[in-house]
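The values are calculated or read from the model by the stated rules, or taken from the named source; none is laboratory data. Treat the numbers as computed from the prediction; the structure is a model and nothing was measured. Because the Cβ atoms are built from the backbone with ideal geometry, glycine has one as well, and the counts that use them run over all protein chains shown.
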Amino acid sequence: MRRFFAPRDSKMLVWMTRMLVPVLVRIRHGRLDMSMSQQAMERFKSLSGKRTIICPNHPSREDADAMFGLSALVGESFNFMTAQQLFHGPTWSDLWLQYMGCYSVFRDSPDFSAYKTTRHLLVQGRKKIVIFPEGEISHQNDTLLPLKTGAVQMGFAALSALKLKGREDPVFIEPLAMKYVYSKDITRKISQALERLEKQLDMPRKRSGGLYERLLGIADKVLGTLEATYNCASPQAATLGKRIGCLRAEILAKVASYLEVELSPSDSQLQQAHALQNILYELRFCRQPSESLYERRQRRQRSRQLRSFYHDLKRVINFIAVFDGYLEDPSTQERIAEVVGLLETEVFGRAFVLGPRQILFDAGCPINLNDHFEEYLADRSKACARVNALIKDELGDMLSNFDRQRSPVYVSMPSAPCHPFG
């Protein structure tokens, strides 16, 4: 039986945590300053007191803390739609998330409880709701994964509920862009990170080689090890990107075979990974109301056996997009650092911060769902797709503008007839 974690907002705990945000962020993520232009702040605050779904991009594992920091920056409290798996972390993590205003959702799976709760919260109109439309961390600071339409659908559902009550209150979608940038040149730190990886992988030290050449060597070594682990043979002369695609497919097939489920060939690899994660969750955590002590002990034993498959699926998700042509010539130091971070996560189990950073926020033009409601009544899918395209365009423009408004540090890469990450 699936369990839904409802929001149990605690004003006192939220207030105390907001006061401690700078300290908590420093402890968890190093020096991480937050910045929002005056114009963006004004656009965001123009929606004060209005029913709003905030739709940010999702480039990093720090995004949840960043959004909580933003709530302190703008002086508002938010509700957060949060992946179900996060409620099964360390002891008391479920209660803590609920007290902070979070509620659970099964990604890429029908979840009526999350749908109904979002609609109810919007109709109440007490707080804005944060929903990441990508549905997963992209590990891409400049680009987006395909956006899901769930946030838009729930916004229209709330608007319909308001109109049934005879109310003409608008419901807004607020695209919000986040970009993590390093405050100084970290080329030397990147070189040191590559040296740590080379040492851990027993590779010859190549301090004199270019950063990109060394990065390729490390990626090739890690990928070769994983291919051997999963007995995955890629075509000869395949690019790193294609080899990683083959590896992802092999991992998904292995987990699906063990669980005796058939993956939908029309789904993306990310959707397939989420579907398998949902099945693993049900096997590990869902229990029947009349479960005996023996049945509970057996379920917990199986849960420990299934844990390794979570790591397999996390590999798929971590490498879902970054290597597919993400590195260009030249690439910003942030892009290089993102790939280094993924390799560190694979090799060391965690990524290391390479220097003081800043989160740049920008708020896009609010989208009033009332303006699209007639189209929604005529064709729901078409209306949701249209609004989703507006969100994507707005987020893409804001992400591009960040680099136009600053002086990025670029790392040049050697030209090659065939891009090795393509």
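Assorted remarks:
Yes or no, residue by residue, for (1) surrounded by 15 or more Cβ atoms within 10 Å (Cβ to Cβ); (2) without any contact (Cβ under 8 Å) to a residue 12 or more places away in the chain; (3) of a type in the set (S, T, Y); (4) assigned to a helix (DSSP H, G or I):
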| residue | (1), (2), (3), (4) |
| --- | --- |
| L342 | yes, no, no, yes |
| T345 | yes, no, yes, yes |
| F352 | yes, no, no, no |
| G355 | yes, no, no, no |
| A383 | yes, no, no, yes |
| N388 | yes, no, no, yes |
| K392 | yes, no, no, yes |
| L399 | yes, no, no, yes |
| F402 | yes, no, no, yes |
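- Within the set L270, L247, L283, L252, the sole residue that is in a helix (DSSP H, G or I) and either over 27 Å from L145 (Cα atoms) or among the polar types (S, T, N, Q) (or both) turns out to be L283.
- Residue match in segment 286-307 (condition: touching a residue at least 40 places away in the same chain (Cβ under 8 Å), under 26 Å from I137 (Cβ atoms), in the same structural domain as L194 (by TED's automatic domain parsing) and part of a helix (DSSP H, G or I)): no
- Within segment 14-33, the set of residues being surrounded by fewer than 18 Cβ atoms within 10 Å (Cβ to Cβ) and not in a helix (DSSP H, G or I) comprises G30, R31, D33.
- Options R26, R31, R51, R18; residue that is more than 22 Å from L399 (Cβ to Cβ), in the same structural domain as Y180 (by TED's automatic domain parsing) and at pLDDT 95 or above: R51
- Filter result for F4 (in contact (Cβ under 8 Å) with a residue 40 or more places away in the chain, under 22 Å from the mean Cα position of the chain (by Cα) and assigned to a loop (DSSP other than H, G, I, E, B)): yes
- Single residue of segment 197-219 satisfying the filter (surrounded by 14 or more Cβ atoms within 10 Å (Cβ to Cβ) and free of Cβ contacts under 8 Å to residues at least 60 places away in the same chain) that is nearest to T345 (Cα to Cα): E198
- Qualifying residue in segment 174-182 (condition: closer than 30 Å to F156 by Cβ and either surrounded by fewer than 16 Cβ atoms within 10 Å (Cβ to Cβ) or not assigned by TED's automatic domain parsing to the domain that holds S60 (or both)): no
- In segment 3-34, the residues that are in contact with an Asp or Glu (Cβ under 8 Å, 6 or more places away or on another chain) and among the basic types (K, R): R28
- Test: residue in segment 329-338 that is at pLDDT 90 or above, not in a helix (DSSP H, G or I) and not small (G, A, S): no
- Selection within segment 42-62 - assigned to a helix (DSSP H, G or I) and surrounded by 15 or more Cβ atoms within 10 Å (Cβ to Cβ): R43, F44
- Check on Q277, in a helix (DSSP H, G or I) and in contact (Cβ under 8 Å) with a residue 60 or more places away in the chain: yes
- Residue that is surrounded by the fewest Cβ atoms within 10 Å (Cβ to Cβ), among those in segment 123-173 that are basic (K, R) and over 30 Å from L342 (Cβ atoms): K165
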